Amino acid sequence: MLRPLESYDQRLLSSSVTISPEPTYLRNLHDVFGNCVGVARFGAPTKELVFDSRVRLEHSPLPAFADVDGGIEPYDATLPATYSVEDLPDLTRSMERQYADPDGVVEAWARGFVRHRGRTSLQSLLAEITQSIHADFRYATRLFGSPQSPAETLALKSGACRDFALLLMEAVRSLGLPAQFVSGYIYSPPLSVGGLTRVGGGHTHAWVRVYLPACGWVEFDPTNGIVGNADLIRVAIARDPRQAAPLWGAYSGEAEDFMDMEVEVEVTAEDETPPAALETLQLRKDSNRTAKRALS
């Protein structure tokens, strides 16, 4: 899964993937979520497998809660969220929790952000949970392996971006909100143009989107405390991180044949003068080594 998803806020201008060695079989398909998936097979032994993906796109995000009801009134939806009978059947699976919480620690933590008296604003609730993870948890890079369970991340107070995304996703689901996992890339604008240093650059990034009445899907990046999708490039969306792995598969050989894997991602703007609207991404993955780099 290397090809960004097209939408009103990101328009794909060009996309190419070079695979070395050349596969004997290659086809593209859309998975159950509508993500673009490439399937490759190979017919001979090789010492290295490289995926080099280059993407050019126009990225023009909007503030998460802008222009709700024509911009006349602030977003005022509160907990519990109410969804239409038409939407509810399609949202139900995204409301279901995917990870065990036998002691209720994740739900208890999430309910700590709910007001004891009066109504709880959905906008404030989600922003506070997102900012809390960003402020109180320590980020640690981990390029491969399964995500930590939400309870484990909560206990350790540390994790990678996908661990933080999973914690946020399961926390809001415990409050009855539909949430999905998002995999993609993050742009970190240079300090020379007044940009903010973003955590998670240099490799794939992960965050969450939550479905809200009147707003639709709104994105939240707990690793960087971002509400909305500023600097976030969407590639894959799923109910669970295991359904959105950027690269996965199997090989025939001895266990010791696997040497290492490297992942590198670089996202740059064609014009680093703010606002940066066009972003160029080159992604390279090496078999044993997975690398992603960018073009300017």
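The values are calculated or read from the model by the stated rules, or taken from the named source; none is laboratory data. All values reported here derive from a predicted model rather than from experimental measurement. Note that each Cβ is placed from the backbone with ideal geometry, even for glycine, and that neighbours are counted across all protein chains shown.
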Of the residues in the range 23-39, those that are surrounded by 10 or more Cβ atoms within 10 Å (Cβ to Cβ) and either free of Cβ contacts under 8 Å to residues at least 60 places away in the same chain or in contact with a Lys or Arg (Cβ under 7 Å, 6 or more places away or on another chain) (or both) number 9
Mind listing whichever residues of the range 43-60 are surrounded by fewer than 18 Cβ atoms within 10 Å (Cβ to Cβ) and of a type outside the set (D, E, K, R)?
Gly43, Ala44, Pro45, Thr46, Val50, Ser60
Exactly one condition in (1) among the β-branched types (Val, Ile, Thr); (2) assigned to a strand (DSSP E or B); (3) touching a Ser or Thr at 6+ places or on another chain (Cβ under 6 Å) is not met by Ile233; state its number.
(3)
Per the list (1) at pLDDT below 90; (2) crowded, with 20+ Cβ neighbours inside 10 Å, residue check on Asp221 breaks on (1)
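The rows are residues; the columns are (1) under 30 Å from Ser121 (Cα atoms); (2) surrounded by fewer than 19 Cβ atoms within 10 Å (Cβ to Cβ); (3) modelled with pLDDT of 90 or more.
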site: Ala214; (1), (2), (3): yes, yes, no
site: Gly228; (1), (2), (3): yes, yes, yes
site: Ser252; (1), (2), (3): no, yes, no
site: Glu256; (1), (2), (3): no, yes, no
site: Asp260; (1), (2), (3): no, yes, no
site: Glu270; (1), (2), (3): no, yes, no
site: Pro275; (1), (2), (3): no, yes, no
site: Leu281; (1), (2), (3): no, no, no
site: Arg284; (1), (2), (3): no, no, no
Among the residues listed as Arg41, Arg27, Arg93, the single one being more than 19 Å from Ala236 (Cβ to Cβ), at pLDDT 95 or above and among the basic types (Lys, Arg)
Arg41
Looking only at the range 100-107, decide whether some residue is in the same structural domain as Gly228 (by TED's automatic domain parsing) and at positive phi.
yes
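Which one is surrounded by the fewest Cβ atoms within 10 Å (Cβ to Cβ) among residues in the range 129-147 that are polar (S, T, N, Q) and modelled with pLDDT under 95?
Only one residue tops the list, namely Thr141.
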Restricting attention to the range 154-191, which residues are among the hydroxyl-bearing types (Ser, Thr, Tyr) and either touching a residue at least 40 places away in the same chain (Cβ under 8 Å) or buried (at least 24 other Cβ atoms within 10 Å of the Cβ) (or both)?
Ser174, Ser183, Tyr185, Tyr187, Ser188
Of all residues in the range 175-195 being among the hydrophobic types (A, V, I, L, M, F, W, C) and in a strand (DSSP E or B), the one that is modelled with the lowest pLDDT
Ile186
Only listed residue being at pLDDT 85 or above, among the charged types (D, E, K, R), touching a helix residue (DSSP H, G or I) at 6+ places or on another chain (Cβ under 9 Å) and not assigned by TED's automatic domain parsing to the domain that holds Ala44, chosen from Arg239, Arg198:
Arg239
For a quick check of your reading: which strands (runs of 3 or more DSSP E) sit entirely within the range 1-114 and have at least 2 residues that are under 20 Å from the mean Cα position of the chain (by Cα) and more than 30 Å from Ala250 (Cβ to Cβ)?
10-20, 50-59
Does Ala151 satisfy the criteria of being assigned by TED's automatic domain parsing to the domain that holds Val227 and more than 17 Å from the chain's Cα centre (by Cα)?
yes
